[in-house]
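**Student:** The following block contains the structure, expressed as structure tokens.
Every read-out reported here was derived from the displayed coordinates using simple, explicitly stated rules and does not represent laboratory data. Note that the structure is a prediction, hence the values are computed from the model and not measured. All Cβ positions, even for glycine, are placed from backbone atoms using ideal geometry, and neighbour counts span all protein chains on display.
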Amino acid sequence: MRLRGIAPRLSGGFATGEASTSWNRIALEFDRIAADQNAAFDQATVLNGREFLALASMRASIPATIRKGYWSTFSFQWEAFEVEVFGDHVEAYRFDRPGVDVTHFDRAPGEPFPDALLAMLPAP
């Protein structure tokens, strides 16, 4: 399955083109972070992260960066918005107001992402 110019590791390959190159960079960084033996990611977190990557590549602008979160999580960061992916939930952080708005969404691998989270993603 091709996803908006990228075929993440979920589907076994990468596409070409300017937008896909940026998504490829994010996908490659995801793989590098997931492979870090010191981070000790559990399988559910890696699966949730891969599924979020696939979703984001279809529904969101390219994040500025992806990094390991404070815990063994994946943090996708846009200018004033961040999504942190855990094994059993996702947290969305908004920084465009005084303070930080945090929204928690229960989500296990294989389940649909909540519509409220989809609505928060930065548009492509």
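**Student:** Where in segment 37-124 are there chymotrypsin sites (Phe, Trp or Tyr not before Pro) that are in a DSSP coil and have at most 16 other Cβ atoms within 10 angstrom of their Cβ? Present the calculation step by step, with values, prior to reporting the outcome.
**Tutor:** Values: sites: PHE41, PHE52, TYR70, TRP71, PHE74, PHE76, TRP78, PHE81, PHE86, TYR93, PHE95, PHE105; in loops: PHE41, TYR70, TRP71, TRP78, PHE86, PHE95.
Sparse-neighbourhood loop chymotrypsin sites (Phe, Trp or Tyr not before Pro): TYR70, TRP71, PHE95.
**Student:** Quick one: grab the alpha carbon gyration tensor of segment 9-120, order the square roots of its eigenvalues as a ≥ b ≥ c, and give me rounded if a/c is under 1.5, else prolate or oblate depending on whether a/b is larger than b/c.
**Tutor:** Note, shape of segment 9-120 comes out rounded.
**Student:** Find, among the GluC sites (Glu not before Pro) in segment 58-114, those assigned to loop by DSSP (not H, G, I, E, B) with at most 14 other beta-carbon atoms within 10 angstrom. Write down the numbers at each step before the final one.
**Tutor:** Values: sites: GLU79, GLU82, GLU84, GLU91; in loops: GLU79.
Answer by residue number: GLU79.
**Student:** Per residue of segment 97-107, in order, report the coupling 6.51 cos²θ - 1.76 cosθ + 1.60 (Karplus, θ = phi - 60°) as ³J(HN,Hα) in whole Hz, putting x for Gly and Pro.
**Tutor:** After applying 6.51 cos²θ - 1.76 cosθ + 1.60, I find 9, x, x, 10, 8, 10, 10, 9, 10, 5, 6 Hz.
**Student:** Rank these for me by crowding, LEU118, LEU47, LEU53, going from fewest to most other beta carbons within 10 Å. Mind dumping the intermediate values first?
**Tutor:** Numbers: LEU118 13, LEU47 17, LEU53 24.
The order, fewest Cβ neighbours first, is LEU118, LEU47, LEU53.
**Student:** Based only on other Cβ atoms within 10 Å, what is the fewest-to-most ordering of VAL83, VAL46, VAL100? Each step should come with its number before you reach the end.
**Tutor:** Details: VAL83 27, VAL46 20, VAL100 10.
Placing the least packed residue first, the sequence is VAL100, VAL46, VAL83.
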